[in-house]
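This report concerns only the one structure given below.
Each value in this text was obtained by applying a stated rule to the coordinates, not by laboratory testing. Since the model is a prediction, treat every value here as computed from it, not as a measurement. When we count neighbours, we look across all protein chains shown, and the Cβ atoms used for this are built from the backbone with ideal geometry, even at glycine.
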Amino acid sequence: MTDGAEKLVNVIQGEYRISVSRVEVLSTVLGSCVAVCLTDVEAGVGGMNHFLLPQRAGKEGENVRYGAYSMELLINGLLKSGARKNRLVAKLFGGANMLSQLRDIGGSNVTFAKEFLQNEAIPLASESTGGTSARRIRFWPADGRVRQFIVPGEIEAVAPIKPPKPPTSEITLF
């Protein structure tokens with residue numbers, strides 16, 4: 001709970017949530033994952049998803065961990081709850097590059113989300129993406145407000161492995 005009257009609802013990796021409640025606050029923590037927050041303010045309905053990868057490579061299938069399916073579920077859930085597609089407005093968060101040694105998964109997620117929104121003609125009102133820090137998002141779905149907290153160091157890369165010491169040429173006899 002937050003502020004006594006609000007109900008905090010966590011949206012974890014691979015989930016999405018739709019709400020018409022004025023007291024619900026949707027919350028998530030993002031690294032390279034992306035959250036899209038969609039709102040129809042006139043209908044008082046909004047929703048958030050949290051996906052890990054843009055789409056499933058080489059395989060057909062339905063899994064909310066993937067952006068392509070997660071976005072469809074989010075939009076369809078909003079429409080079933082009274083939203084109109086032409087009134088939806090998006091806010092986009094996440095996509096950090098958490099491990100510089102790996103490919104930029106966060107950047108791929110952001111690119112996918114922006115292209116998806118553009119193809120669906122849903123305007124992107126604001127975004128906070130990229131960087132190397134995690135973000136905690138709080139989203140009020142009924143009116144579209146979002147509060148972001150940067151979480152430096154919350155998601156840390158594994159400490160680099162120290163190389164073994166080179167053998168010495170000295171021999172000690174005892």
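Where the only charges are on Cβ atoms (+1 Lys, Arg; -1 Asp, Glu), what is the dipole of segment 7-151 about its Cα centre, to the nearest 20 debye? Could the numbers behind the result be given before it?
On the way: 18 positive and 12 negative charges, 69 e Å.
Once rounded to the nearest 20, the dipole reads 340 debye.
When ranked by the protection proxy of mean other Cβ atoms within 10 Å per residue, highest first, what sequence do the peptides 133-143, 74-84 form? Show your work: numbers first, answer last.
Values: 133-143: 20.0, 74-84: 17.5.
Per-residue Cβ counts within 10 Å, averaged per peptide and sorted highest first, yield 133-143, 74-84.
Per-residue 3J(HN,Hα) values for segment 34-48, derived from phi via the Karplus relation 6.51 cos²θ - 1.76 cosθ + 1.60 with θ = phi - 60°, read 10, 10, 10, 9, 10, 9, 10, 4, 4, 7, x, 9, x, x, 9 Hz in sequence order (x marks Gly and Pro).
Between Val45, Gln118, Val89, whose Cα lies farthest towards the positive end of the dipole of segment 7-151 when Lys and Arg beta carbons carry +1 and Asp and Glu beta carbons carry -1, centred on the Cα centre? Farthest towards the positive pole: Val45.
Consider a paramagnetic label point 7 Å from the Cα of Ser126 along Cα→Cβ; state which residues of segment 72-112 have an amide N under 19 Å from it. So the set is 88-96.
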